[in-house]
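Here is the structure we will look at, set down as structure tokens.
Read the figures in this text as sums done on the coordinates, not as results from a lab. In this text, all values refer to a predicted model and were calculated from it rather than measured experimentally. Every residue, glycine among them, receives a Cβ derived from its backbone with ideal geometry; neighbour counts consider all protein chains shown.
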Amino acid sequence: MYYAELSQMEAKEFAERQLKCPQCGFPLGFAFSDCAGHLKLKCRKCKSISVLNFAYFRRQRGVRRRIT
Ligand SMILES: [Zn+2]
């Protein structure tokens, strides 16, 4: 329980990015901005297995977003 609470506290400092299935757009979960590497996820909706690279998600931070 302690580690679960600690992890949640740490995660508040990071930007959250929603991971979506590249095939159908179904939400698969969330990635935080400190995530690195690749994750293999199976979509519950279309049953396709996708490999996602966190490097493509961590750059999009809410605080840096600029409207031009
Ligand atoms: Zn899908």
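Between LYS12 and LYS42, the simple label model (points 7 Å from Cα in the Cβ direction) yields a spacing of 3.5 nm.
Which length gain, in nm to one decimal place, applies between GLU5 and ASP34 when the Cα-Cα distance is subtracted from 0.36 nm times their residue separation?
Length gained, GLU5 through ASP34: 8.7 nm.
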